[in-house]
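Have a look at the structure below, then the notes.
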Amino acid sequence: MTTLSLSACRSTAYPDSPQFRDGGFRNPVAPKTVGWREMPAMLWRFAFDKPADTVPATAPPVAALTREQLLAAPDGSLVRFGHSTVLLKLDGAFWLTDPVFSERASPVQWAGPKRFHAPPMTIAQLPPIKGVILSHDHYDHLDKAAVLELAAKTEHFLAPLGVGDLLVEWGVDAAKVRQLDWWQSTTIDGVRLTSTPSQHFSGRAMFADNPTLWTSWVIRSSTLNLYFSGDTGYFDGFKQIGEKYGPFDLTLLECGAYNPQWAGVHMLPEQTLQAHLDLRGRRLLPIHNGTFDLAMHAWTDPMERITALAREAGVETLTPVMGTPVNLHAPPATSAWWRTASR
C-alpha cells in the first residue's frame, strides 16, 4: 500500500481517513478525560498545589554516551534518552522515537515543564539517523527545535496524518516525510513500520480540536518485532494489534503522567501491564516517565508501580539508566535507578 500524500495545509480535511470527521480526528469511542467544568480546578492544583515529590531531589542518573559507543553497539540495541525518546539500532541504522531535546516541553522555553536531566548526548553528537518516528504533536513528543536540528542528518520522518504536514510547514523537506493513517505501513531499508491505533488527542494549543492524528507504531526489523505506544489510554485496540502483529519482543509502553481523571488518554500502571499482555509482549520497557513533571503523582511512582505489578505477573521489565545501550537480544539485568534521585 502507499501512504497518503502530504496536503498543502495542515488545516485541510482528510476525507480518505476514517478517523477524520466533524472537522478533526476522532477516537472510535470518546475517551474519559477532564471536562471543561473540572479544568479550572485541575489547572489551579497544577499551579499552586502540587506535591513536592513530583520532582526529584537530585537529577536522575544519566550515563555518558558517545557516538563511538553507538557505532560499536550490537545490532538490536536500544538507548533511552528520556521521556518517550528512544534510540534504536536496527539492521545497522539508527531510529529515534519522539525526539525531545529542549529544556522545556512547552511552546516557550521560559516557562512550562522543565527537564529533570540533560539528554545523554546532543543532537550534533548523534550519528546519522535513518528515521525519526513520531506519535503525535504534543510538546513533550514533538519538539520543533529538535526536529529542525535533526532534519539535516535524518533521511526519513515517519508521522501520523497532519503531523507530517506540520513538519513540512516548519521547513522539513517534504521528500523526507511519510505520513500514515492507522493500519498503513511503509518499509525503509528492510525495516517495516506500521501505524496502529491509539486512544489520545492532539493539538499544540489549549482548545485545539484534534487537528492531527495520534498513533502507535509496530516496528519490525529482520531480527526484532517492537511496539511503541506513543501516548494512549487503555482500549481494546491493544488486543487487535497483538493478534494482528504480535507477539512482540519488546513493548515500549506509556507509564507516567497519569491520573484517574484522564485515564481515557493516559494509562494507569495496571492498564500498562494489561496492554503489554494484550499485545503478547515478551519484555516491557516503561516510557513517558523520569524526565518531565506532567501529573500529580510522585515522579518515582510509575516505575515503582509498574515494576511491582510486572514482577507479580511474571513479566520481565527493562529499566535501563538513561544513556545506557541495551542489547535487546541479550539484555542484562537493570536496576531501580530512580531510587537514587528520589526524596
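The values are calculated or read from the model by the stated rules, or taken from the named source; none is laboratory data. None of the values given here were measured: they were computed from a predicted structure. Neighbour counts run over all protein chains shown; Cβ positions are idealised from the backbone, glycine included. These area figures cover heavy atoms from the full protein model, side chains too; ligands, DNA and RNA do not enter into them. Shrake-Rupley method; radii C 1.70, N 1.55, O 1.52, S 1.80 Å.
Before moving on, here are some points about what is shown:
- Residue within segment 269-280 that is in a loop (DSSP other than H, G, I, E, B), open to solvent by less than 50 Å² (accessible area, probe 1.4 Å), touching an Asp or Glu at 6+ places or on another chain (Cβ under 9 Å) and modelled with pLDDT of 95 or more present: no
- The set of residues in segment 13-45 being modelled with pLDDT under 80 and open to solvent by less than 60 Å² (accessible area, probe 1.4 Å) consists of Ala13, Val34, Gly35, Met39, Met42.
- Residue among Ala111, Ala30 that alone is under 20 Å from Asn289 (Cα atoms) and either aliphatic (A, V, I, L, M) or part of a loop (DSSP other than H, G, I, E, B) (or both): Ala111
- Any hit, segment 214-222, residues being surrounded by fewer than 20 Cβ atoms within 10 Å (Cβ to Cβ), more than 18 Å from the chain's Cα centre (by Cα) and among the small types (Gly, Ala, Ser): yes
- Filter result (in contact (Cβ under 8 Å) with a residue 40 or more places away in the chain, within 17 Å of Ala298 (Cα to Cα) and outside any helix (DSSP H, G or I)) within segment 36-55: Lys50, Pro51, Val55
- Residue list for segment 138-194, restricted to those being among the charged types (D, E, K, R), assigned to a strand (DSSP E or B) and under 24 Å from Thr122 (Cα atoms): Glu155
- When Tyr227, Tyr234 are checked against the criterion of being open to solvent by 10 Å² or more (accessible area, probe 1.4 Å) and hydroxyl-bearing (Ser, Thr, Tyr), a single residue qualifies: Tyr234.
- Answer residue from segment 141-166, given it is open to solvent by less than 20 Å² (accessible area, probe 1.4 Å) and among the charged types (D, E, K, R) and is farthest from Thr291 (Cα to Cα) among those: Asp165
- Matching residues, segment 306-318, being open to solvent by 10 Å² or more (accessible area, probe 1.4 Å) and touching a Ser or Thr at 6+ places or on another chain (Cβ under 9 Å): Thr307, Leu309, Arg311, Thr317
- Ile306 falls short on exactly one of the conditions (1) without any contact (Cβ under 8 Å) to a residue 60 or more places away in the chain; (2) out of contact with any strand residue (DSSP E or B) (no Cβ under 6 Å at 6 or more places or on another chain); (3) in a helix (DSSP H, G or I), and that condition is (2).
- Matching residues, segment 56-105, being under 22 Å from Ala336 (Cα atoms) and open to solvent by 10 Å² or more (accessible area, probe 1.4 Å): Pro56, Ala57, Thr58, Ala59, Pro61, Val62, Ala63, Ala64, Leu65
- Any pair with Cβ under 9 angstrom, 6 or more apart, that starts in segment 255-266 at a residue that is part of a helix (DSSP H, G or I) and ends at one that is open to solvent by less than 20 Å² (accessible area, probe 1.4 Å): Trp262/Gly233; Trp262/Ala295
- Residue check, Leu284 under 19 Å from the mean Cα position of the chain (by Cα) and open to solvent by less than 10 Å² (accessible area, probe 1.4 Å): yes
- Contact map, segment 95-113: residues that are touching a residue at least 24 places away in the same chain (Cβ under 8 Å) paired with residues that are open to solvent by 10 Å² or more (accessible area, probe 1.4 Å) and aromatic (Phe, Trp, Tyr), Cβ distance under 6 Å, separation 6+ or inter-chain. Pairs shown: Ala105/Tyr139; Ala105/Phe292; Ser106/Tyr139; Pro113/Phe292.
Each row is one residue, and each column tells you yes or no for (1) modelled with pLDDT of 95 or more; (2) open to solvent by 10 Å² or more (accessible area, probe 1.4 Å); (3) under 19 Å from Ala105 (Cβ atoms); (4) polar (S, T, N, Q).
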position: Asp173; (1), (2), (3), (4): yes, yes, no, no
position: Gly190; (1), (2), (3), (4): yes, yes, no, no
position: Leu193; (1), (2), (3), (4): yes, no, no, no
position: Thr196; (1), (2), (3), (4): yes, no, no, yes
position: Gln199; (1), (2), (3), (4): yes, yes, no, yes
position: Met206; (1), (2), (3), (4): no, yes, yes, no
